[in-house]
Amino acid sequence: MDGTPTTIVVAATPTSNGDLHLGHMAGPYLAGDIYARYLRTTGAPVIYTTCTDDSQTYVPTTAHRLGTTPGRLAAESTTAIERSLRAIGISMDGLPPIDDRYRRAVLDFVTALHRAGRLRPKTVRLPFATNSGTYLYDGLVTGICPVCLAGSSGGVCEACGHPNNFDELLEPRSTVDPTDPVTFRERTILVLPMEAYRDRLTAYFAAQHGRWRPHGMQLIDELLARPLPDIPVTIPGTWGIQAPFPETAGQVLYPWVEAMPAVMYSTWWSAARHGRRTAEVDEHWRAEHDAQVVYFHGFDNVYHWGLMDLVLLMAHGERYVLPAANVCNEFYDLGDEKFSTSRNHLVRTIDLLADVPRDLVRFYLALTAPEQQRTTFGIEALHRIVPRKLVEPWNRLADAVSLLGAASPGGHATSPAGRGRAAAMLARFRACYELPGFSIGRAADTLASQLARLRAMADAGRIEPGDLLLEVRTLITGGAPILVDVAE
């Protein structure tokens with residue numbers, strides 16, 4: 001693994017309880033793809049990867065609602081997710097199989113922490129559904145967030161981003177059967193005490209200020225201002241990987257603990273597709289290789305990807321590289337409400353692509369991406385904005401270039417002014433794609449504004465032929481991470 005350090009781009013692991021809708025796609029997946037594609041244009045070695053999150057409790061709860069089995073739902077959803085990623089041009093090598101090699105990677109990761117004495121037994125109170133005899137956590141339970149008082153599932157609140165482990169959720173109810181009486185029972189589980197890493201966390205985030213978007217960093221500051229929670233490592237559940245520890249016989253690994261070894265495994269699997277096979281699954285994440293790790297995720301995962309998973313890496317001492325950046329997006333709404341698979345309030349990516357070419361979908365999603373605040377998808381707006389900002393000026397500019405080539409096929413000289421404009425245009429695109437100011441919304445807007453400028457200059461005959469060709473070529477280069485088919 002010699003040469004330039006690899007950039008490992010990680011999109012939040014999708015839960016395999018359904019296909020990806022546009023709310024998912026306009027967030028981490030498209031943004032991560034545009035960033036990875038940009039880096040590749042600079043010659044940087046990049047691995048863009050993710051892995052389905054099959055152990056999440058939302059898999060069995062959704063399977064129950066749909067009248068199928070969790071295993072079948074996970075398999076069908078993985079196929080659908082992979083199809084959607086491929087259809088919109090997400091430049092991953094696919095989704096790795098959740099097989100014995102995956103489970104071995106997860107178990108090796110947590111067993112190393114257990115062997116090093118990082119885990120502690122803790123007796124906690126858990127909501128318990130009396131009739132079904134089920135301990136409730138994460139997607140199995142719903143209630144009221146103790147921090148912001150919004151409705152919330154267990155684990156973390158989507159509205160404010162704060163965790164609510166164990167018995168913290170107010171008025172808990174079973175999501176499978178809201179009529180099932182809920183009591184509390186004590187169980188001893190294994191936890192990783194996050195407070196033990198406060199000094200390292202404080203130093204890490206002091207260096208990250210200015211590199212995170214403000215809302216995500218605000219949440220990190222709020223979390224660091226409180227006593228840090230213990231991370232559950234095992235939980236008395238029935239869906240997931242069996243915990244290998246004698247102290248917690250019969251329990252499973254807490255689903256969110258899988259995220260770090262999962263993306264190490266998916267990095268290893270993706271690298272192997274390009275001949276970079278290593279014996280150890282975690283090799284690419286080892287600190288000595290100095291990889292640049294960049295996460296793309298939503299605000300509701302700031303606690304998990306920004307804090308909890310960071311502690312899981314730190315708990316391994318100096319073995320692993322820590323993330324260089326987290327790019328966090330807000331929610332993408334549909335009709336003034338967030339996309340929701342459970343309420344069937346959604347537009348599936350694959351359905352939109354059946355009617356609209358993917359470059360146009362990618363452009364519109366980038367233009368309206370919920371980067372720093374919630375934004376709204378509208379099919380009418382797509383059909384109004386994309387022709388005006390992209391299709392019509394692009395076709396008129398293409399006609400001008402075609403006529404120019406037919407009239408003088410031998411080539412044209414460029415002027416200092418034209419070369420200066422091309423350099424300025426490229427600098428504007430770079431400013432959109434580089435961290436920490438990365439913004440696919442500004443990149444799409446830059447593409448539209450530069451396209452409008454060139455079209456107007458060509459229409460008015462105010463640009464020399466050689467300069468027009470140079471600047472169009474520069475425009476295509478700058479827009480290539482978004483318009484993948486045009487780039488081809």
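The values are calculated or read from the model by the stated rules, or taken from the named source; none is laboratory data. None of the values given here were measured: they were computed from a predicted structure. Cβ sites come from the backbone with ideal geometry, for glycine too, and all protein chains shown count toward neighbours. When the accessible area is computed, the model is the full protein with side chains, heavy atoms only, and any ligands, DNA or RNA have been set aside. Shrake-Rupley method; radii C 1.70, N 1.55, O 1.52, S 1.80 Å.
Residue separation times 0.36 nm, minus the C-alpha to C-alpha distance between Ala116 and Ser402: what's the value? Write down the numbers at each step before the final one.
Numbers: separation 286, 0.36 × 286 = 102.96 nm, distance 6.69 nm.
Residue separation times 0.36 nm, minus the Cα-Cα distance, leaves 96.3 nm.
Among Leu404, Leu310, Val252, flag the residue with its Cα farthest along the positive direction of the charge dipole of the chain, charges on Cβ as +1 for Lys/Arg and -1 for Asp/Glu.
Leu404
With axes computed from alpha carbons, what is the tilt in degrees of helix 392-407 against the longest principal axis of the chain, rounded to the nearest 10 within 0 to 90?
40
Report the charge-dipole magnitude of region 336-464 in Debye, nearest 20, computed about the Cα centre from +1 at each Lys and Arg Cβ and -1 at each Asp and Glu Cβ.
Once rounded to the nearest 20, the dipole reads 300 debye.
Tally up the carbon and sulfur contribution to the accessible surface of region 48-152 as a whole percent, 1.4 Å probe, everything protein left in place. Mind showing how you got there, number by number?
Details: 2270 of 4420 Å².
On region 48-152, the fraction of accessible area on carbon and sulfur atoms equals 51 percent.
For region 196-352, with only Lys/Arg (+1) and Asp/Glu (-1) charged at the beta-carbon, what is the dipole magnitude about the Cα centre, in debye rounded to 20? Spell out each step's value before the answer.
Working: 13 positive and 19 negative charges, 56 e Å.
Its charge dipole is roughly 260 debye.
Can you work out the PRE-style zone for Gln372? Point 7 Å along Cα to Cβ, and I want the residues of region 209-241 with backbone N under 11 Å.
Output list for this probe position: 213-215.
Please compute, over every Cα-Cα pair in region 391-488, the percentage with a separation greater than 21 angstrom. If you can, show how the numbers build up before the last one.
Details: 1509 of 4753 pairs.
Beyond 21 Å sits 32 percent of the P(r) for region 391-488.
Can you list, by residue number, the Cys in the chain that have no neighbouring cysteine C-beta under 4.7 Å?
Isolated Cys, the chain: Cys51, Cys328, Cys432.
Within a Cβ distance under 15 Å of Leu39, other residues only, what is the Lys/Arg minus Asp/Glu net charge?
Details: positive: Arg37, Arg40, Arg430; negative: Asp33, Glu434.
So the environment of Leu39 carries a net charge of +1.
Using a simple charge model, +1 on the beta-carbon of Lys and Arg, -1 on the beta-carbon of Asp and Glu, nothing else, what dipole does the chain show about its Cα centre, in debye to the nearest 20?
Working: 46 positive and 53 negative charges, 155 e Å.
The calculation lands at about 740 debye.
If you roll a 1.4 Å probe over the heavy atoms of the protein chains, what accessible area per residue do you get for the chain, in Å²?
Each residue of the chain exposes 41 Å² on average to a 1.4 Å probe.
What Rg and what Dmax come out for the chain when only alpha-carbon atoms are used, in angstroms?
For the chain, the Cα radius of gyration and maximum Cα-Cα distance read 24.3, 82 Å.
Given H placed 1.01 Å from N in the peptide plane, which residues other than close sequence neighbours of Asn164 have an amide H under 5 Å from its amide H?
Gly155, Val156, Cys157
Calculate for the chain the 222 nm mean residue ellipticity that helices alone would give, adding -39,500 (n - 2.57) per DSSP H run of length 4 or more and normalising by residue count, nearest 500 deg cm²/dmol. Intermediate values should be presented prior to the final figure.
Working: 16 runs with 194 residues, N = 488.
The helix contribution divided over the chain gives -12500 deg cm²/dmol.
How large is the Kirkwood hydrodynamic radius of region 1-144, in angstrom, based on all distinct alpha carbon pairs? Spell out each step's value before the answer.
Values: mean 1/r = 0.0557 Å⁻¹.
Evaluated on region 1-144, it is 18.0 Å.
Taking H placed 1.01 Å from N in the peptide plane, check which residues at least 5 places from Gly298 or on another chain put their amide H under 5 Å from its amide H.
Those qualifying (amide H under 5 Å, at least 5 residues apart or on another chain) are Asn329.
Sticking to Cα atoms, compute the Rg of region 129-229 to one decimal and its Dmax as the biggest Cα-Cα distance, whole number, in Å.
16.1, 50
Quick check: net charge around Ala116, other residues with Cβ under 14 Å of its Cβ, Lys/Arg +1 and Asp/Glu -1?
Counting the neighbours of Ala116, the net charge comes to +2.
Residue by residue through region 253-263, what is 3J(HN,Hα) from phi via Karplus (6.51 cos²θ - 1.76 cosθ + 1.60, θ = phi - 60°)? Round to whole Hz and write x for glycine and proline.
5, 4, x, 5, 5, 6, 4, 5, x, 5, 7
Multiply the residue gap between Ala44 and Ala287 by 0.36 nm, knock off their C-alpha separation, and tell me the result in nm, one decimal place.
Numbers: separation 243, 0.36 × 243 = 87.48 nm, distance 1.86 nm.
Here the segment from Ala44 to Ala287 would lengthen by 85.6 nm.
Rounded to the nearest 10 degrees, what's the angle between the helix 100-115 long axis and the longest principal axis of the chain, both from Cα atoms, 0 to 90?
Helix 100-115 sits at roughly 60 degrees to that axis.
Computed FRET efficiency, Cβ-Cβ of Arg430 and Arg101, R0 51 Å: what is it to the nearest 0.05?
Working: r = 39 Å, r/R0 = 0.76.
After rounding, the FRET efficiency stands at 0.85.
Roughly how many percent of the accessible protein surface of region 224-374 is carbon and sulfur, given a 1.4 Å probe and a whole-percent answer? Could you put the intermediate results ahead of the total?
Details: 2510 of 5310 Å².
That share works out to 47 percent.
I'd like the Karplus ³J(HN,Hα) series for region 7-24: coefficients 6.51, -1.76, 1.60, θ = phi - 60°, whole numbers in Hz, and an x wherever there's a Gly or Pro.
9, 9, 9, 10, 8, 3, 5, x, 6, 8, 10, x, 6, 7, 9, 5, x, 5
Need one value: the accessible area of Ile231 in square angstrom, 1.4 angstrom probe, rounded to the nearest 10.
Counting only protein heavy atoms, the figure is 0 Å².
If I take all pairs of Cα atoms in region 85-128, what percentage of them are more than 11 Å from each other?
Working: 726 of 946 pairs.
Here the long-distance tail beyond 11 Å is 77 percent of all Cα pairs in region 85-128.
Hey, can you grab everything whose amide H is under 5 Å from the amide H of Ser152? Only 5+ residues off in sequence or another chain; H modelled, so Pro and N-termini drop out.
The list, which skips near neighbours in sequence, is Gly143, Ile144, Cys145.
Return the Rg/Rh ratio of region 250-379 with Cα-based radii and a Kirkwood Rh. Kindly include the intermediate steps, with their values, before the conclusion.
On the way: Rg = 18.3 Å, Rh = 17.5 Å.
My calculation puts Rg/Rh at 1.04.
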